[in-house]
1. Can you tell me which residue is surrounded by the fewest Cβ atoms within 10 Å (Cβ to Cβ) among those in region 171-198 that are over 22 Å from V221 (Cβ atoms) and at pLDDT 95 or above?
2. Within the bounds of region 179-196, is there any residue that is over 22 Å from Y22 (Cα atoms) and over 14 Å from the mean Cα position of the chain (by Cα)?
3. Is there any pair linking a residue in region 192-203 that is free of Cβ contacts under 8 Å to residues at least 12 places away in the same chain to one that is assigned to a helix (DSSP H, G or I), with Cβ under 8 Å and at least six apart or on different chains, and which?
4. Checking the condition more than 18 Å from the chain's Cα centre (by Cα) and under 16 Å from G13 (Cβ atoms), which residue from E79, E68, E44 passes?
5. Spot the failing condition for M1; the list is (1) out of contact with any strand residue (DSSP E or B) (no Cβ under 7 Å at 6 or more places or on another chain); (2) at pLDDT 95 or above, and only one is missed.
6. Run down L211, L206 and say which single residue is more than 9 Å from the ligand (Cβ to nearest atom), modelled with pLDDT of 95 or more, surrounded by fewer than 16 Cβ atoms within 10 Å (Cβ to Cβ) and hydrophobic (A, V, I, L, M, F, W, C).
7. Take region 132-175 and flag every residue that is in contact with a helix residue (DSSP H, G or I) (Cβ under 6 Å, 6 or more places away or on another chain) and polar (S, T, N, Q).
Amino acid sequence: MGRFEGKVGVVTGAGKGIGEAYAKGLAAEGAAVVIAEIDVANGERVAKEVEQGGGTALFVQTDVASEESTLGLGEVVAERLGGCDLLVNNAAIYGGMRMDTFLTVSWDYYERFMNVNMNGALLVTRALWQQMAERGGGSIVNQSSSAAWMGGGFYGTAKLALHGITQSLARELGSRNIRVNAIAPGPTDTEATRETVPDVLLKKILQTMPLPRLGTVEDMVAATLFLLSDDASFITGHVLTVDGGQVMRP
Ligand SMILES: NC(=O)c1ccc[n+]([C@@H]2O[C@H](COP(=O)([O-])OP(=O)(O)OC[C@H]3O[C@@H](n4cnc5c(N)ncnc54)[C@H](O)[C@@H]3O)[C@@H](O)[C@H]2O)c1
């Protein structure tokens, strides 16, 4: 028996990279998974691959930055799978994101970026928490980044805001038996990292780390599934770094 037998898990941005690994990891441990992804081709591919592996998967095209789209996601999950128990707010603009500064980035890009990377987690949670409460409780993991603590421009700021959202929602939802945590991965080996972070910079970053290697999607799956599971039943409002020691805070 897997840890998530009989559960329904929604993973945003599950069309590739770490999100794809979360969806497949949850399915491998018995959850029916919802691939809430903006990219239709990748979302359908991941759902098909989960089904081919013997799991249950549903692709729902979702823009996490749109209230209408996230409410639609909630309706489909309730109708097709009876409700949601587990949620991973993983979607973000990361692969191919603009390397720009607060002072120079175009306002349109900045607004869209923050709506996806910061508000998206809140919108999806607002669309799903009642279903979790009705099913007796649930667990939510928000995908932050070690960049949150590094003055990492608008990317890092959106992640830092996610910590505030995580802690506040942990307080707001605790009495409904819904736990809310976050993980903060360090540099992780995905296509998006290879596309976005120049090789020279990545090598420099790794040299500063106690464990000088890239994280793997399996590292992230292990940590996130732990926080989603009953093994973490007394943990809420926590941000777990999974970063080879890149960030050590007092
Ligand atoms: N890879 C890393 O080194 C690293 C490190 C720390 C944190 N993270 C975080 O982990 C998460 C996944 O990283 P990744 O490397 O797999 O990135 P990725 O760019 O490969 O994956 C992001 C996924 O989110 C989807 N997405 C983007 N906008 C969306 C929207 N509006 N609605 C729904 N889906 C949307 C994309 O289509 C894509 O499938 C992100 O939140 C990222 O910020 C990544």
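The values are calculated or read from the model by the stated rules, or taken from the named source; none is laboratory data. Just so we're clear, the structure is a prediction, and the values are computed from it rather than from any experiment. Don't worry about glycine lacking a Cβ; one is built from the backbone with ideal geometry, like all the others, and counts go over all protein chains shown.
1. Looking at residues that are over 22 Å from V221 (Cβ atoms) and at pLDDT 95 or above, I get S175.
2. Narrowing region 179-196 to residues over 22 Å from Y22 (Cα atoms): none.
Among the residues of region 179-196, not one is over 22 Å from Y22 (Cα atoms) and over 14 Å from the mean Cα position of the chain (by Cα), which makes the answer no.
3. V197/I205
4. E44
5. (2)
6. On inspection, the qualifying residue turns out to be L211.
7. S139, N142, S144, S145
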